[in-house]
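The values are calculated or read from the model by the stated rules, or taken from the named source; none is laboratory data. What you are looking at is a predicted structure, and each value in this text was computed from that prediction instead of being measured. Here the Cβ positions follow ideal geometry from the backbone for every residue, glycine too, while neighbour counts run over all protein chains shown. Surface areas here come from the heavy atoms of the whole protein model, side chains and all, with no ligands, DNA or RNA. Shrake-Rupley method; radii C 1.70, N 1.55, O 1.52, S 1.80 Å.
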Amino acid sequence: MRFSNKTAVITGAGSGIGEATARAFAAEGGNVVVADLKAAHAEAVAARIRQAGGKAVAVTGDVTLADDAKHIAEAAIDSYGCLHYLCCSAGLQTYGTVETTDEATWDLTLDVNLKGMFLMAKYCIPEIRRQGGGAVVNITSVQAIQTQKNVSAYAASKAGVIALTKSMAMDYATENIRVNCICPGSVDTPLLRFGAAQHGPVEDVLKSWGNMHPIGRVGQPEEIAKTVLFLFSDDAGFILGQAIVVDGGLTSRLL
């Protein structure tokens, strides 16, 4: 029960990596703010946590809007009186080259995947500071460092998360606030399945993508969640400003 009497805000927690992280954090005794754009998804995850004996509240919000980001941070204080951790997992996948990506798609991708992390940190870090410190973990992607074709806006947004993470880590290191990010490979989430559907039958595509990873499969959300909890924990006390790659060996593969 590493996180008893500790509180975490987790965005994008209505599904995928965010949901797995929320459930794992609550299972170790923590209080969770389950934040998601989709109210029904957030409520469902919070309800499952409470049914399992954990503590969770659902908050609906758009991380690209300052008022919503502030509301999510305030929900932690209103519900639990404290905030120690932030995991930014809200994101979206878009496709296109610089020629085929329209301006609206570019703006939306950067807003959700990068600006959303800036806004959540802006309003959560002051509350984390009041508790004497804590940790922030941003979820980015291996495509921040090694990319494929036809994902110009997505890759740019995810690379920006690494730079933002490193800058934040330098700004808050002396305040006992550790900031890191995780670069997952292919992880079986609704977002990945959406992407797979653009290329053919979903299960066939996921199997093909899994075979690209030396481990021979795609990852599971719970595997990324375990890494988030490690970076939250005191065991990671000397780790900050890092982009932790959790990809089944994908980026180590030569061909």
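Out of all the residues in the range 50-69, is one or more touching a His at 6+ places or on another chain (Cβ under 8 Å), at pLDDT 95 or above and within 26 Å of ASP188 (Cβ to Cβ)?
The initial filter retains those residues of the range 50-69 that are touching a His at 6+ places or on another chain (Cβ under 8 Å), namely 59, 61.
Among the residues that remain, those that are also at pLDDT 95 or above are: 59, 61.
Filter once more, keeping what is within 26 Å of ASP188 (Cβ to Cβ): 59, 61.
Within the range 50-69, one or more residues are touching a His at 6+ places or on another chain (Cβ under 8 Å), at pLDDT 95 or above and within 26 Å of ASP188 (Cβ to Cβ).
Taking the range 22-51, which residues are in contact with a Leu (Cβ under 8 Å, 6 or more places away or on another chain) and over 17 Å from ALA75 (Cβ atoms)?
If the condition is that a residue be in contact with a Leu (Cβ under 8 Å, 6 or more places away or on another chain) and over 17 Å from ALA75 (Cβ atoms), then ALA24, GLU28 are the ones that fit.
Only one of (1) more than 18 Å from TYR172 (Cβ to Cβ); (2) open to solvent by 60 Å² or more (accessible area, probe 1.4 Å); (3) assigned to a helix (DSSP H, G or I); (4) not acidic (Asp, Glu) is not met by LYS122, so which one is it?
(1)
Within the range 148-177, which residues are open to solvent by less than 40 Å² (accessible area, probe 1.4 Å) and among the charged types (D, E, K, R)?
Result: LYS158, single match.
Any residue in the range 33-55 that is without any contact (Cβ under 8 Å) to a residue 24 or more places away in the chain and open to solvent by 80 Å² or more (accessible area, probe 1.4 Å) sitting within a Cβ distance under 8 Å of a residue that is part of a strand (DSSP E or B) and not β-branched (Val, Ile, Thr)? List the pairs, counting only those 6 or more apart or interchain.
That search, which allows pairs on different chains as well, returns GLU43/ALA58; ARG50/ALA56.
Output the residues belonging to the range 187-217 that are within 19 Å of ILE17 (Cβ to Cβ) and either at pLDDT 95 or above or not hydrophobic (A, V, I, L, M, F, W, C) (or both).
The answer is VAL187, ASP188, THR189, PRO190, ARG193, GLY195, GLY210, HIS213, ILE215, ARG217.
Could you list, in sequence order, the residues of the range 207-221 that are crowded, with 19+ Cβ neighbours inside 10 Å and outside any loop (DSSP other than H, G, I, E, B)?
Answer for the range 207-221, where residues must be crowded, with 19+ Cβ neighbours inside 10 Å and outside any loop (DSSP other than H, G, I, E, B): TRP209, GLY219, PRO221.
Checking the condition at pLDDT 95 or above, in a helix (DSSP H, G or I) and either surrounded by 14 or more Cβ atoms within 10 Å (Cβ to Cβ) or touching a Leu at 6+ places or on another chain (Cβ under 8 Å) (or both), which residue from ILE224, ILE239 passes? Before you say what the answer is, go through the steps one by one.
Working: ILE239 fails: in a helix (DSSP H, G or I).
The unique qualifying residue is ILE224.
Count, please, the residues in the range 165-203 that happen to be within 30 Å of ARG217 (Cβ to Cβ), touching a residue at least 24 places away in the same chain (Cβ under 8 Å) and assigned to a helix (DSSP H, G or I).
Going through the range 165-203 one residue at a time, the tally reaches 6.
What pairs can you find where one residue is in the range 213-231 and under 14 Å from CYS87 (Cβ atoms) and touching a residue at least 60 places away in the same chain (Cβ under 8 Å), the other is among the polar types (S, T, N, Q) and buried (at least 20 other Cβ atoms within 10 Å of the Cβ), and their Cβ atoms are less than 6 Å apart, with a gap of 6+ or different chains?
Listed pairs, sorted by first residue: PRO221/THR189; ALA225/THR21; VAL228/THR21; LEU231/ASN180.
Give the residue that is farthest from THR174 (Cα to Cα), with candidates limited to residues of the range 245-255 that are open to solvent by 50 Å² or more (accessible area, probe 1.4 Å) and outside any helix (DSSP H, G or I). Lay out the reasoning, then the answer.
Taking the range 245-255 as the starting set, the residues that turn out to be open to solvent by 50 Å² or more (accessible area, probe 1.4 Å) are 245, 252-255.
Retained after the next criterion (residues that are outside any helix (DSSP H, G or I)): 245, 253-255.
On the way: VAL245: 25, ARG253: 37, LEU254: 39, LEU255: 41 Å.
Per the stated criteria, the residue is LEU255.
Does the range 74-107 hold any residues that are more than 24 Å from ALA169 (Cα to Cα), in a helix (DSSP H, G or I) and either touching a residue at least 40 places away in the same chain (Cβ under 8 Å) or open to solvent by less than 60 Å² (accessible area, probe 1.4 Å) (or both), and which are they?
The answer is ALA75, SER79, TYR80, THR105, TRP106.
Residue check: is ALA69 open to solvent by less than 20 Å² (accessible area, probe 1.4 Å), assigned to a helix (DSSP H, G or I) and closer than 25 Å to THR227 by Cα?
Numbers: open to solvent by less than 20 Å² (accessible area, probe 1.4 Å): yes; assigned to a helix (DSSP H, G or I): yes; closer than 25 Å to THR227 by Cα: yes.
Against the criterion (open to solvent by less than 20 Å² (accessible area, probe 1.4 Å), assigned to a helix (DSSP H, G or I) and closer than 25 Å to THR227 by Cα), ALA69 qualifies.
Go through the range 125-138 and count every residue that is among the aliphatic types (A, V, I, L, M) and assigned to a helix (DSSP H, G or I).
Taking the range 125-138 as the starting set, the residues that turn out to be among the aliphatic types (A, V, I, L, M) are 125, 128, 135-137.
Still in the running and assigned to a helix (DSSP H, G or I): 125, 128.
Final tally of qualifying residues: 2.
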